[in-house]
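Take a look at the structure set out below.
The values are calculated or read from the model by the stated rules, or taken from the named source; none is laboratory data. The shown structure was predicted, so the numbers you read here are calculated from the model rather than taken from an experiment. Neighbour counts run over all protein chains shown; Cβ positions are idealised from the backbone, glycine included. Calculation scope for accessible area: heavy atoms of the full protein, side chains included, ligands and nucleic acids excluded. Shrake-Rupley method; radii C 1.70, N 1.55, O 1.52, S 1.80 Å.
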Amino acid sequence: LFTGSQEQTPIHRDLYSQLRRVDAAVSAVPLVWGQGLTAYLDSYAYSCTEQLTSKTFSALSLTSRPEFGSVRGRETLLNGFNALQSRQNDEGGLGLWASSPDTAEFATIYAAHFLIEAKERGQQLPAGMLESMNGWLNRFASTPASTLSAGRMRAYAVYLLTRQGIRSTPALANVEQELTNRYPKTWQNDLAAAY
């Protein structure tokens, strides 16, 4: 609660001085967190596909709300599209650090989710990128899942396809059958059921 034009807030944790940057933002809307997340991810030392997608998701949130956005958020978004496109392999999946025949499964699904969100917010996607990724999602969702976590990822892939209006009935049937056969008592209480 603010009682005047100035407010002091002590920092109760140790921060490395060479990496420390302290900023504050105040808003009646909770989306203000996006600025802090973007700043954190901009300085993050690694940029695997998952981190890159998180960084661009944050930038997308900011550019979707001009009152919080900045030119830097738009730049981060464009750089993210370019980097993700450079990591896409011939099958439509993404490598973890670069384009690779070995697809990083969760990172690809997460990046597809980001691209769908960006498209829905009117962003111009790299030509053919989402379509190629959708092919990968469909093939991936149709493969057997040996763990509940793997079944959850396949359900997530089907959710993303369905959200775009892509009929994925065979993949959905495969995922449901796998989960029902392997995890009959647990999968319905898992995130996989929500997808």
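What's the longest bit of the chain with no exposed GluC sites (Glu not before Pro), using DSSP loop states and at most 12 other Cβ atoms within 10 Å as the test?
Of all site-free stretches, the longest is 68-195.
What number, in percent, do you get for the relative contact order of the chain if the mean sequence gap of Cα pairs under 8 Å and at least 6 apart is divided by its residue count?
13
Going by alpha carbons, how many degrees (0 to 90, nearest 10) lie between the helix axis of 148-163 and the longest principal axis of the chain?
On a 0 to 90 degree scale, this one is about 80.
Are there trypsin sites (Lys or Arg not before Pro) in region 84-129 that DSSP puts in a loop and that have at most 16 other Cβ atoms within 10 Å, and which ones?
Arg121
If you line up the long axis of helix 49-64 against the longest principal axis of the chain, both from Cα atoms, how many degrees apart are they, to the nearest 10?
It is inclined by approximately 60 degrees.
Can you work out D for the chain in µm² s⁻¹ from Stokes-Einstein, where Rh is the Kirkwood radius over C-alpha pairs, the temperature is 4 °C and the viscosity is 1.567 mPa s?
69
Cys48 label point, 7 Å along Cα→Cβ, cut-off 19 Å on backbone N: hits in region 93-124?
It comes to 93-114, nothing else.
Please get the size of the charge dipole for the chain, origin at its Cα centre, with Cβ charges of +1 on Lys and Arg and -1 on Asp and Glu, quoted in debye to the nearest 20.
Using Cβ point charges on Lys, Arg, Asp and Glu, the chain gives about 160 debye.
In what order, largest first, do Val158, Val29, Val22 sit by accessible area if the probe radius is 1.4 Å?
Output order, biggest surface exposure first: Val22, Val29, Val158.
Mind listing the long-range amide H neighbours of Leu96? Cut-off is under 5 Å, sequence gap 5 or more, other chains count too, H placed in the peptide plane at 1.01 Å from N.
Residues meeting the amide H criterion: Ala104.
Over the chain, what percent of the accessible surface lies on carbon and sulfur atoms, probe 1.4 Å?
So the carbon and sulfur contribution to the accessible surface is 51 percent.
Taking the 0 to 90 degree range and rounding to the nearest ten, how far is the long axis of helix 71-87 tilted relative to the main principal axis of the chain, both from C-alpha atoms?
Helix 71-87 sits roughly 30 degrees off the main axis of the chain.
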